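Every number in this text was worked out from the coordinates using simple rules, so none of it is lab data. On a predicted model such as this, the values are computed, not experimentally measured, just so you know. As a convention, Cβ positions derive from the backbone with ideal geometry for all residues, glycine included, and neighbour counts pool all protein chains shown.
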Amino acid sequence: MKMKFENLRDTFKSSIKTWDYFVNWKKVFDNSSELEISLNKLNYLLGKKDFDSEFKKLYQDSPEIVKALPVLLAVREKNLEVYDKEKKTSKFFNFTKQDTNSISDYLDFIKSSGLIKLFKEDGIKNLVDYTLGVEVGLDSNGRKNRGGQLMEEIVGEFVEGFCKENKFEYLEQANAKKIKTKWGYEIKVDKSSRSFDFAVYNPKNKKIKLFETNFYNGGGSKLKAVCGEFRSLFNELKKQNIDFIWVTDGLGWYTTLRPLEETFNHNDYVFNLSMLENNILASLDW
């Protein structure tokens with residue numbers, strides 16, 4: 001059943017954020033707990049008037065405390081190269097092998113980076129709590145990647161449920177080799193590295209359908225290029241009697257409607273999430 005383009009155009013979603021999009025709390029707490037002992041030892045230095053001598057005593061007793069210093073600056077690296085604009089030289093800091101740098105090196109790092117402000121009397125009260133906040137901030141930087149994965153995860157829920165209901169088989173991240181190995185089905189693709197988000201196989205008639213998914217909040221030339229790519233991919237797969245289903249969504253398409261409409265009219269199956277919600281997969285010939 002071929003739908004009208006308006007059905008696609010008028011039902012795009014503005015967001016596909018799920019609850020786990022915002023913060024990966026397990027990762028945040030796991031990362032914080034790895035440093036908790038060192039952070040609690042560093043808590044001893046909070047508010048100390050003679051910071052230098054107290055740091056030296058603490059370091060001599062527990063040199064591993066320095067491994068917690070980078071995360072206090074919201075940095076993941078354990079080895080840092082810092083360029084001094086005045087001296088026009090670089091200085092290297094290793095936070096895993098404490099014998100690489102001297103106590104004075106680490107003191108210089110704390111002062112020059114501004115970390116010393118955390119340890120002042122009017123600084124923070126608890127480095128463990130502070131680090132939890134830092135980890136949340138660092139995790140938020142991964143939202144872009146999570147956003148790219150969300151569409152695939154959401155469509156995956158529809159595909160998995162549909163396959164279970166109809167006793168079909170499916171693969172995620174299905175390339176030609178995986179499809180050949182699992183079902184003995186040989187396909188030719190336009191790129192040797194081509195991997196489809198999903199492949200669905202009907203064991204009764206040995207037919208296969210391949211899925212690609214994406215979501216675009218913003219516009220740009222990439223969207224037009226994707227349309228051209230998926231028209232060509234549809235042609236290539238149709239020659240092999242393979243159905244290609246493209247599930248796309250997002251308000252970014254309103255900047256590139258003409259190429260999308262051309263692809264919608266050319267390809268057999270271009271859907272969005274609203275169509276999946278309305279059980280469009282059940283109307284297809286499997």
Over 18 Å between C-alpha atoms is what I'm after, so list which of 41/120; 91/120; 164/239; 13/167; 26/97; 87/111 land there.
91/120; 164/239; 13/167; 26/97
Only one of the listed values, (i) 18.8, 60; (ii) 27.0, 79; (iii) 20.9, 67, was derived from the coordinates as Rg and Dmax of the Cα atoms in Å; which label is it?
(ii)
What fraction of the Cα pairs in region 143-283, stated in percent, has a spacing above 20 angstrom?
47 percent
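Ranking 183, 253 by Cβ neighbours within 10 Å, fewest first, what do you get?
Least crowded to most crowded, the residues run 183, 253.
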What longest region of the chain stays clear of GluC sites (Glu not before Pro) that DSSP places outside H, G, I, E and B and that have at most 14 other Cβ atoms within 10 Å?
187-286
Longest principal axis of the chain (C-alpha) makes with the long axis of helix 103-112 (C-alpha) an angle, in degrees to the nearest 10, of 70 degrees
Using only Cα atoms, tell me the angle between helix 143-166 and the longest principal axis of the chain; keep it within 0 to 90° and round to the nearest 10.
40 degrees
Tilt, helix 257-266 to longest principal axis of the chain (alpha-carbon atoms), in degrees rounded to tens, equals 40 degrees
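With each run of n ≥ 4 DSSP H residues scored as -39500 (n - 2.57), what mean residue ellipticity at 222 nm is computed for the chain after dividing by its residue count and rounding to the nearest 500 deg cm²/dmol?
-13500 deg cm²/dmol
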